[in-house]
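Input: a single structure, listed below in structure tokens.
Any read-out appearing in this document is the output of simple, stated calculations on the displayed coordinates, not a laboratory observation. As the structure is a prediction and not an experimental result, all values here were calculated from the model. Positions of Cβ are backbone-derived with ideal geometry, glycine not excepted, and every protein chain shown enters the neighbour counts.
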Amino acid sequence: LLFMILLLFVFNASDDHPVLHYPLRRQRQMCIRDSFSTILGGHLTSKGFAEEVQALTNPIITMSINLYTKVLDGLLPTPAKSHYTFNLRDLSKVVQGLLNATTKKVNDKDVFLRLWIHECSRVFCDRLVD
């Protein structure tokens, strides 16, 4: 019975079964969160950012994934707006922008949060045209 349930999760996850799809989507988000948190956290630690900035690693990545998910679900491509095709590369561009930060420019958490807002705006909002 357990094997049959596992098969249902694996083979039907991409179909229209929200109950079966949700756990896999949640697990995928957790893997993405862990990967990007490790990358960003390692950068902030190795470059000697303040503790208050380093503490923002997990919240920033979680908010980025939530924003990416909302954009993905809410801004579907149409024939008139085919540029509304978002993928994981867009999320990585946000993180990549944060990795360009230096301790000379980003010296506290408020500046880091403004940088995150700027990167999200650059990646997602620049595509929102009529």
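Odds and ends about this structure:
- Within the stretch 64-90, tally of residues that are part of a loop (DSSP other than H, G, I, E, B) and either touching a residue at least 12 places away in the same chain (Cβ under 8 Å) or surrounded by 14 or more Cβ atoms within 10 Å (Cβ to Cβ) (or both): 5
- Taking the stretch 100-130 as the range and being loosely packed, with under 15 Cβ neighbours inside 10 Å, among the hydrophobic types (A, V, I, L, M, F, W, C) and either within 15 Å of Leu44 (Cβ to Cβ) or touching a residue at least 12 places away in the same chain (Cβ under 8 Å) (or both) as the test, the residues that pass are Val111, Leu128, Val129.
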